[in-house]
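Visitor: Following this message is one structure expressed as C-alpha cells.
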Amino acid sequence: MTLSGSPPRESLRDVIARHGLDARKSLGQHFLLDPGITARIAGMAGRLDGVNVVEVGPGPGGLTRALLDTPAASLTVVEVDARAIVIMNELAASYPGRLHVVEADAMRRDLTTLCPAPRQIVANLPYNVGTPLLIGWLRQASQWARLTLMFQLEVAERICATPDSDHYGRLAVLSQWVARCGIVMTIPPGAFSPPPKVQSAVVNLIPHAQQPAPALFRAMEQVTAAAFGQRRKMLRGALRGIGGEALLEAAGIAGNRRAETLDIADFDRLAHAHLGRQSSAS
C-alpha cells in the first residue's frame, strides 16, 4: 500500500524487465521484490518522522518504495550500478525534492555528507561488501540515529553474538561496543530474485549516546584484530605484538584467557590500556 497521493507504480518485475536489470554476482545483488517484506523492513527502522534516510544499493527500488511510503523527511539512495541509477531517476521524478539519487560507490563515500542529522541508514546490503561497509559506519556511529541493515544470516549472527558462542568475534565486539544490536527479522532465500544460497536477516543497530573518540576506536580495532587473529592462542601470545602481558596487566585481564571469553567491558579496558600505552610511548 502506498501513502495517499502517491503516484501509481509499475510492478518491480516489469521495471526490471524494461531495463534489463539482471542481478549481477559481481555486485552482490539479490533483489527483494515482495512489497510486504520491504514494508516490514521499513517498519523495523522505527519512527522516521523528520529523519533523513540513506539507502545503499537500492537496485530496482523495492525497499526504496517502502521507505518513500514512510514519513521520512527525505530519502537519499546511493547506487554504483548505472542501470539502477536510471530506474532511481525515474522514481525520483515522481518525488521531487524528497528522493535524491547519488551515483557512487558507498565504500568510497562518506554518507554523512549526503544529508543533515537526524539521519539513519536502511539498506539491503550487497553481500560482498556488507561487513566492510558496517565497520566504516561503526567508526562514525555518533553521526547515525540508527542503522537497519540486511546481511546474510551468518553475518547478522556474528554482529549479535555473545561471548563463548560460535559466532563471537571481532565484528560482535566492534558492533556491540558502539551500539545496541539485535536481529529483528529473518528472510528466506525464496524472497529474493535470484534466491541466494543462504538465509538473510535484518539487524537493528542503535548507537549508544556516548561514543569513543576516533583514536580509541582505532585502538579497539588493533586490539580485536590481534586477539581474534589467533583464536586458539591464549591472550598473552595473541597480543604479544601490541604489548602482551604488560597490556593485559594494565587492563586487569589474565594472560591465560582466550579472546572469545572476554565480554565487551573487558575489550573496552584493553582498548583504553592500549591507547594509554601508545600515548605514553609517543
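Visitor: For the chain, what is the accessible area per residue in Å², given a 1.4 Å probe and the full set of protein chains?
Guide: Accessible area per residue: 45 Å².
Visitor: Moving to a separate point now. Restricting to region 1-146, what percent of DSSP beta bridges are antiparallel, rounded to 5?
Guide: The antiparallel proportion sits near 5 percent.
Visitor: Principal axes first, then extents: for the Cα atoms of region 80-181, list largest minus smallest coordinate on each axis, whole Å, largest first.
Guide: 51, 27, 21 Å, listed from the longest principal axis down.
Visitor: Okay, moving on. What's log10 of I(q)/I(0) for region 2-160 at q = 0.19, 0.20 Å⁻¹, Debye sum over Cα points only, no solvent?
Guide: Values, matching the q order: -1.30, -1.46.
Visitor: Looking only at the chain, where both bridge partners belong to it, what percent of the DSSP beta bridges are antiparallel (to the nearest 5)?
Guide: Expressed as a percentage, antiparallel bridges in the chain total about 50.
Visitor: Of [x] 54, 42, 32; [y] 65, 37, 29; [z] 53, 44, 41, which one was derived for Cα extents along the principal axes in Å from the structure shown?
Guide: Answer by label: [y].
Visitor: Here's something else I'd like to know. If you roll a 1.4 Å probe over the chain with all protein chains in place, what percent of the accessible area is carbon or sulfur?
Guide: Answer for the chain: carbon and sulfur cover 52 percent of the accessible area.
Visitor: Additional query: So what is the orientation-averaged projected area of region 101-161, using the convex hull of its C-alpha atoms, in nm²? Numbers along the way, then the final one.
Guide: On the way: hull surface 17.6 nm².
Averaged projected hull area, Cα only: 4.4 nm².
The values are calculated or read from the model by the stated rules, or taken from the named source; none is laboratory data. Owing to the predicted nature of the structure, the values given are computational and were not obtained by experimental measurement. Accessible surface areas use protein heavy atoms only, side chains included; no ligands, DNA or RNA. Shrake-Rupley method; radii C 1.70, N 1.55, O 1.52, S 1.80 Å.
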